[in-house]
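Participant: Have a look at this one.
The values are calculated or read from the model by the stated rules, or taken from the named source; none is laboratory data. For clarity, every value in this text was computed on a predicted model and none was experimentally measured. With ideal geometry, Cβ positions are generated from the backbone for all residues, glycine too; neighbour counts draw on all protein chains shown. Heads up: the accessible areas ignore ligands, DNA and RNA and are worked out on the full protein's heavy atoms, side chains in. Shrake-Rupley method; radii C 1.70, N 1.55, O 1.52, S 1.80 Å.
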Amino acid sequence: MAIAAMKKLTLAAPVDSRAYIISEMMRIGCVEVEELNRQSAGYAELFEQGLIRLDAGEADRILARRDKIAAACGLLDRYAPVKTGMFAPKPAVHEFALFDESAEERAVAAAETLITCSDQLDRNKSELRTLASDEELLAPWSELKTPMEFTGGSSFAYRCGTLPAYLKLEQLRAAFQETAPCTELWEVSRDKTAIYVAVLTDRDEDGEALRLLRQYSFAEQSFKGFTGTVAEKLAQLAAAKARLEKERGAVLEQIRSMQDKTQLLKQAYDALTNRAERERVRAGLVETGSAFILEGWFPEKAEKDVVALMERCEASYSVEEPEEEDDVPVRLDNGRLVEPFGEITQMYGMPAYRSYIDPNPTMALFYFLAFGIMLSDAAYGILLALGCLFMLVKTKPSGSMRRMLTIFFFGGISTLLWGAVFGSWFGNAVPVITGGLFGKEITPPALIDPINEPLKMMILSYIFGGVQVMTAMFLDALRRLKRGDWQGAVFGIFSWYVLFAGIGLIFLVDSPVGMYVAAAGALMVMYGGSLEKKGLAKISGGFMALYNITGFFSDILSYSRLLALCLSTAVVANVVNTMGSLKGFSVSGTILFVVVFVIGHVFNLALNLLGTYVHTSRLQYIEYFGRFYEGGGRMFKPLAVTTKYVDIIKED
């Protein structure tokens, strides 16, 4: 379990074998291909001389086809979804079937048909929206008998409009009698917001009539673009709407008839995604016209497979150890139990390739233990472990989802163990229920009761923190030794062990030996702090190194969060149980208890699960990694088949 040793691959082969080599590299999934360009070391001069060039590839064309497939899948998922179980695993497909070009062409043809249907639906929707808008505009005028294009004659003017709903028309008619006596106004309809009216005026009085109307907040209605009566137009709109609805139904039926193409489309999506990745790799290769050059990295353990591929392709190649200036990708080789915890490390950042220390094995152990202490309830642990196990078995997730579910599964196991140590099973539910039902409380055995023995719990938290901090220091010393820095390891790290051992002896042994050991450790620490200093800085550097003892105690104090999270889980659980049992265990009281119990404990589990995940990760990132971790590495990303909708059945 360590940072995997990497090898550098350089190969040259005929251009006509390029597609096959890239395809086979993707199949074996253990080579990361470097993207070469005009600034790549060793190639700039060749580019300038025109001896080599880049091939743009066809990634954009393939991605455009994939986008069509994605749009078609979205359309089917919306209008003709395939019913699957909530936790149904992805269908399994053989490699040769995934990259079947004839199936891909059928999928693209189906996608184009579906996209045409989508365009028809969009046009149909737009037209229906326009019809609805016109219908909404004309509905209040349905009783208007005059044609909408009518605006009057040579001696009179005619207009329609709205007035406020609160206005009394008799008041307006009376005003017309004084200023425009030849004006006629009648109501067409009204609603809660407006009165819809038609107004007929003499041409000579039209100006005065219009000014009066505006004084009463008259808003003229325009029927521009409409002809005939409103009733006739509404009938036309209804007929057009019925026609469009029928067309929409036919298009939807066509879409539903293609539901059986869903799997074909999703399989094609995954195939095109991988084809595009091949073309992206191709675009990062240099070629001469007849040959191409590829550079990449692979784990030393995979050398046999890579060399076999090169021999099979009859390519010219070289396999070399990485040089000091190379940007080597990092891969962490861990066992099945530790590998999922690599997700925690990846979120923090990969270690440097030459840091020599893989943090995952020790971090996984401390993460496992701290998680259980914080969540701290055995029943919660059972629920969490069973829930994650169900998801892992039923859905068969991959990648980050599989790793996170596995981490929480192990966290559930740890929580079960620590919960049993603390005697917590849904908090104090066991004594509450047994006391309420049988009149005699049964209390599960506990080695430590965090609520009643917080001092013991605090001591446990600090011991845990001390062990983890000391482990981090040991790993830092190991890293320094591997780099040949024995002075840094002895005086920068192991000197602290001597100092702490001396401090321990002072309290444990009635002898001056502890003072001597502590003094020796302090002098070693001060000497280590002065190693890289000059002049007076040696003295200040030594004292500053010794002053760093405050940092150790600060880090260990941070582990009091183990106590805090443990108490948080227990106290809230107990409060839930107390609230639920307030009415006793009669029929109504039992119903109340069950409701409060379920809701309260689900809430407590969810809230404290989030807190546990965050604070456990924080302890690793700050207190643990902060003492030895050397970041800056980049993750090893081999060219491999990746899928979204299907699982691949590997071919031999």
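Conditions (1) at pLDDT below 95; (2) out of contact with any Gly (no Cβ under 7 Å at 6 or more places or on another chain), marked per residue:
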{"residue": "F390", "(1), (2)": "yes, yes"}
{"residue": "R402", "(1), (2)": "yes, yes"}
{"residue": "F408", "(1), (2)": "no, yes"}
{"residue": "T415", "(1), (2)": "no, no"}
{"residue": "E453", "(1), (2)": "yes, yes"}
{"residue": "L460", "(1), (2)": "yes, yes"}
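Participant: Has region 429-447 got at least one residue that is in a helix (DSSP H, G or I), of a type in the set (K, R) and open to solvent by 40 Å² or more (accessible area, probe 1.4 Å)?
Facilitator: Looking only at region 429-447, we keep the residues that are in a helix (DSSP H, G or I), and these are 429-438.
So of that shortlist, the ones also of a type in the set (K, R) come out as none.
No, that holds for no residue.
Participant: Continuing with this model, one more query. What number of residues within region 150-181 are aromatic (F, W, Y) and either over 20 Å from A219 (Cβ atoms) or touching a Cys at 6+ places or on another chain (Cβ under 8 Å) (or both)?
Facilitator: Restricting attention to region 150-181, the residues satisfying the condition of being aromatic (F, W, Y) are 150, 156, 158, 166, 176.
Then drop every residue that is not either over 20 Å from A219 (Cβ atoms) or touching a Cys at 6+ places or on another chain (Cβ under 8 Å) (or both), which leaves 156.
Residues flagged as aromatic (F, W, Y) and either over 20 Å from A219 (Cβ atoms) or touching a Cys at 6+ places or on another chain (Cβ under 8 Å) (or both) within region 150-181 amount to 1.
Participant: Return the total of residues in region 182-202 being more than 14 Å from Y216 (Cβ to Cβ) and open to solvent by less than 10 Å² (accessible area, probe 1.4 Å).
Facilitator: Here the count works out to 2.
Participant: So is W186 in contact (Cβ under 8 Å) with a residue 60 or more places away in the chain and farther than 30 Å from I69 by Cα or not?
Facilitator: Against the criterion (in contact (Cβ under 8 Å) with a residue 60 or more places away in the chain and farther than 30 Å from I69 by Cα), W186 does not qualify.
Participant: Restricting to region 240-268, what's the tally of residues that are closer than 30 Å to E187 by Cβ and surrounded by fewer than 12 Cβ atoms within 10 Å (Cβ to Cβ)? First the steps, then the outcome.
Facilitator: Just the residues of region 240-268 that are closer than 30 Å to E187 by Cβ, to begin with: 240-241.
Narrowing the set further to residues that are surrounded by fewer than 12 Cβ atoms within 10 Å (Cβ to Cβ) leaves none.
Total satisfying the criteria: 0.
Participant: Next up: Specify which of the listed residues (L562, L481, L475) is at pLDDT 80 or above, open to solvent by less than 50 Å² (accessible area, probe 1.4 Å) and over 30 Å from A606 (Cβ atoms).
Facilitator: Values: L562 fails: over 30 Å from A606 (Cβ atoms); L481 fails: open to solvent by less than 50 Å² (accessible area, probe 1.4 Å).
Every option except L475 fails the conditions.
Participant: Quick test of your reading of the structure: L237 fulfils all but one of (1) within 44 Å of the chain's Cα centre (by Cα); (2) open to solvent by less than 20 Å² (accessible area, probe 1.4 Å). Name the failing condition by number.
Facilitator: Going through the list (1) within 44 Å of the chain's Cα centre (by Cα); (2) open to solvent by less than 20 Å² (accessible area, probe 1.4 Å), L237 breaks only (1).
Participant: Still on this model: Can you spot a residue in region 610-633 that is open to solvent by 50 Å² or more (accessible area, probe 1.4 Å) and within 30 Å of T273 (Cα to Cα)?
Facilitator: Yes, region 610-633 contains a residue that is open to solvent by 50 Å² or more (accessible area, probe 1.4 Å) and within 30 Å of T273 (Cα to Cα).
Participant: I'd like to check something: does region 386-399 contain any residue that is surrounded by 16 or more Cβ atoms within 10 Å (Cβ to Cβ), over 30 Å from G427 (Cα atoms) and in contact with an Asp or Glu (Cβ under 9 Å, 6 or more places away or on another chain)?
Facilitator: No, because not a single residue in region 386-399 is surrounded by 16 or more Cβ atoms within 10 Å (Cβ to Cβ), over 30 Å from G427 (Cα atoms) and in contact with an Asp or Glu (Cβ under 9 Å, 6 or more places away or on another chain).
Participant: Among E170, E149, which is the only one that is out of contact with any Asp or Glu (no Cβ under 9 Å at 6 or more places or on another chain), open to solvent by 80 Å² or more (accessible area, probe 1.4 Å) and touching a residue at least 60 places away in the same chain (Cβ under 8 Å)? Outline the logic, then answer.
Facilitator: Working: E170 fails: touching a residue at least 60 places away in the same chain (Cβ under 8 Å).
Among E170, E149, only E149 is out of contact with any Asp or Glu (no Cβ under 9 Å at 6 or more places or on another chain), open to solvent by 80 Å² or more (accessible area, probe 1.4 Å) and touching a residue at least 60 places away in the same chain (Cβ under 8 Å).
Participant: Inspect all residues belonging to region 239-261 and state whether any of them is in a loop (DSSP other than H, G, I, E, B), at pLDDT 90 or above and in contact with a helix residue (DSSP H, G or I) (Cβ under 9 Å, 6 or more places away or on another chain). Walk me through it before giving the result.
Facilitator: Keep residues of region 239-261 that are in a loop (DSSP other than H, G, I, E, B), which gives 258.
Remaining after also requiring at pLDDT 90 or above: 258.
Those still in the list that are in contact with a helix residue (DSSP H, G or I) (Cβ under 9 Å, 6 or more places away or on another chain) too: 258.
Yes, there is a match, as at least one residue in region 239-261 is in a loop (DSSP other than H, G, I, E, B), at pLDDT 90 or above and in contact with a helix residue (DSSP H, G or I) (Cβ under 9 Å, 6 or more places away or on another chain).
Participant: Another question about this same structure. What are the pairs, 6+ residues apart or on separate chains, where a residue within region 383-412 that is closer than 14 Å to F371 by Cα has its Cβ under 7 Å from a residue that is aromatic (F, W, Y)?
Facilitator: That search, which allows pairs on different chains as well, returns L384/F408; A385/F409; I407/F341; F410/F368; G411/F371.
Participant: Is it the case, given these coordinates, that K301 is modelled with pLDDT of 90 or more, in a helix (DSSP H, G or I) and under 20 Å from D327 (Cα atoms)? Let's see the steps before the verdict.
Facilitator: Working: modelled with pLDDT of 90 or more: yes; in a helix (DSSP H, G or I): yes; under 20 Å from D327 (Cα atoms): yes.
Criteria met by K301.
Participant: For Y629, state whether it is at pLDDT 90 or above and among the hydroxyl-bearing types (S, T, Y).
Facilitator: no
Participant: Something else: If you scan region 346-376, which residues turn out to be polar (S, T, N, Q) and surrounded by fewer than 23 Cβ atoms within 10 Å (Cβ to Cβ)?
Facilitator: If we filter region 346-376 for residues that are polar (S, T, N, Q), which is where we start, we get 346, 355, 360, 362, 376.
Hits for region 346-376 are Q346, S355, T362.
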